Amino acid sequence: MPRVLLIDDTPEIAELLSFALRDRGYEVAASGFTTEVNDLIAAERADALVLDCSVLNMSESLFDMVRSQPGHAHLPIVIISDTPEIADASLRERAAQHVLLIPKPFSGSQIARALEQLLRSAS
């Protein structure tokens, strides 16, 4: 069962998305925005990360923190964004790999499919 760390600054969305991912066979640990993301990834032994922060700068800073750790350089990451054009440009600027961008509004099945794709390509 793949382990996913979900970082979401909206508790209600985190709860719904956690339920949807668990229903599709993922083990989910959820957290609000935290600068301790690398510690959480290690503690939860996460196979993938889902970032859904309402402010793009929050997701960008978390993405940069994760990628700055050598052990997390290839961790699959799904970023959910309400400004996909800006987020896409930001990811291109970073030459981001092992990441998929999902625009809002989204469904749990979209996130599950994105995780499946990233995890399959990582193995």
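The values are calculated or read from the model by the stated rules, or taken from the named source; none is laboratory data. In this text the structure is predicted, and so the values were computed from the model without any measurement. Using ideal geometry, Cβ is built from the backbone for each residue, glycine included, and neighbour counts are taken over all protein chains shown. Quick note on the areas: whole protein, heavy atoms, side chains included, nothing else; ligands and nucleic acids left out. Shrake-Rupley method; radii C 1.70, N 1.55, O 1.52, S 1.80 Å.
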*Tally time: how many residues in the stretch 73-95 are out of contact with any strand residue (DSSP E or B) (no Cβ under 7 Å at 6 or more places or on another chain) and surrounded by fewer than 18 Cβ atoms within 10 Å (Cβ to Cβ)?*
11
*Within the set of pairs 6 or more residues apart or between chains, which connect a residue that is within 17 Å of ASP82 (Cβ to Cβ) inside the stretch 9-24 to a residue that is aliphatic (A, V, I, L, M) and not in a helix (DSSP H, G or I) with Cβ atoms less than 7 Å apart?*
ALA14/LEU6; ALA14/ALA30; LEU17/LEU6
_One residue is enough: does the stretch 10-18 have a residue meeting the conditions among the β-branched types (Val, Ile, Thr) and open to solvent by less than 40 Å² (accessible area, probe 1.4 Å)?_
no
*Residue count for the stretch 14-53, restricted to those that are within 18 Å of ARG113 (Cβ to Cβ) and modelled with pLDDT of 90 or more*: 18
_Selection from the stretch 96-123 of residues that are part of a loop (DSSP other than H, G, I, E, B) and open to solvent by less than 80 Å² (accessible area, probe 1.4 Å)_ = ALA96, HIS98, LYS104, PHE106, SER107
*Looking only at the stretch 1-28, count how many residues are more than 14 Å from the chain's Cα centre (by Cα) and part of a helix (DSSP H, G or I).*
8
*Conditions (1) surrounded by fewer than 16 Cβ atoms within 10 Å (Cβ to Cβ); (2) over 22 Å from GLN97 (Cα atoms); number of the one not met by ASP64*: (2)
*For the stretch 29-53, name all the residues that are β-branched (Val, Ile, Thr) and either surrounded by fewer than 20 Cβ atoms within 10 Å (Cβ to Cβ) or part of a loop (DSSP other than H, G, I, E, B) (or both).*
THR34, THR35
_Candidates LEU100, LEU91 - the one that is without any contact (Cβ under 8 Å) to a residue 40 or more places away in the chain and in contact with a Phe, Trp or Tyr (Cβ under 9 Å, 6 or more places away or on another chain)_ = LEU91
*Check the stretch 56-73 and report whether any residue there is assigned to a loop (DSSP other than H, G, I, E, B) and modelled with pLDDT of 95 or more.*
no
